[in-house]
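The values are calculated or read from the model by the stated rules, or taken from the named source; none is laboratory data. Given the structure is predicted, the values throughout are model-derived calculations rather than measurements. Virtual Cβ from ideal backbone geometry, glycine too; neighbours counted across all protein chains shown.
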Amino acid sequence: MSTDNPSTQRTGAEQHEVGLSVRDLSKSFGGVRAVVGASVDFHHGRINALIGPNGSGKTTFFNCVTGMIRADAGTVTYRGKDITGKAPHRVAHAGIGRSFQVCRIFPRMSVLDNVLAGVRPSGLVALMGSGRRASDVDKARALLARVGIDHLEGAEAGDISYGQQKLLELAGVLMTDPETIMLDEPAGGVNPALIERISTLITELNAEGRTFIVVEHNMELVMRLSDHVIVFDRGAQIAAGPPSTVQSDPAVLEAYLGV
């Protein structure tokens, strides 16, 4: 019988604390089983990648974990707290922020106001009136500078490039000070220069103590950036481990690479 603490996971001689733990998660849409009894542990303080072929259930998994949709079954625990079925704002309050595969921005609002919309509890309501706090504006401007688009603060968000919108969305996520950040295809549709900027930001923020869980199809980026890789196929985990191990796993080569 194992004597390991259940909040840790051992890989070889290393022991990693588990931050987000999902057990037996399932979600179907009509007759389509998108996530099928998925049990996954994500390492706290690390850069975790979630990869798999199109249609393998990664985004549905993200949506269930973050409360965007309700799972049919399963449990989600974050830092020892049960967040199963919690509304998105409750999940965010627990310390998890996320971005989306297709950027969710307010296109006719300014770049600065988009970041301020992420402030809780005032948020978007404050923007409709005169309730903007100077401290929030200063923080939003600092985050825009951090991601490299402070020169665009007055532009309408719908007028900046798609890669800049990805950076804007990340700044909005950071406005809530999440401990864990879940990114859904941060490099998708982004030019190489901005991919490098996003990669650098993830590395820097991780070094400052933030955990990342990243869904991404750019395998060069995944293998270079991540500490721990989870592979999905047909709605469930088929492999997990360091990049060097996962990329040579026979099940991954068959399911993900088709060889």
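Points worth noting:
- Test for S199: is it of a type outside the set (K, R) and buried (at least 18 other Cβ atoms within 10 Å of the Cβ): no
- Any hit, segment 58-76, residues being modelled with pLDDT of 95 or more, touching a helix residue (DSSP H, G or I) at 6+ places or on another chain (Cβ under 9 Å) and part of a strand (DSSP E or B): yes
- Across segment 184-193, a minimum of one residue is classified as exposed (fewer than 15 other Cβ atoms within 10 Å of the Cβ), in contact (Cβ under 8 Å) with a residue 12 or more places away in the chain and either among the polar types (S, T, N, Q) or touching a His at 6+ places or on another chain (Cβ under 7 Å) (or both).
- Selected residue (criterion: surrounded by the most Cβ atoms within 10 Å (Cβ to Cβ)) from residues of segment 151-179 that are among the polar types (S, T, N, Q) and in a helix (DSSP H, G or I): Q165
- Elements of the type helices (runs of 4 or more DSSP H) sitting completely within segment 103-150 and holding at least 1 residues that are loosely packed, with under 13 Cβ neighbours inside 10 Å, at pLDDT 90 or above and out of contact with any Asp or Glu (no Cβ under 6 Å at 6 or more places or on another chain): these cover 134-147.
- First in segment 233-259 and on the phi < 0 side of the Ramachandran plot and at pLDDT below 90, second anywhere and assigned to a strand (DSSP E or B) and charged (D, E, K, R), Cβ under 6 Å, 6 or more apart: A255/D233
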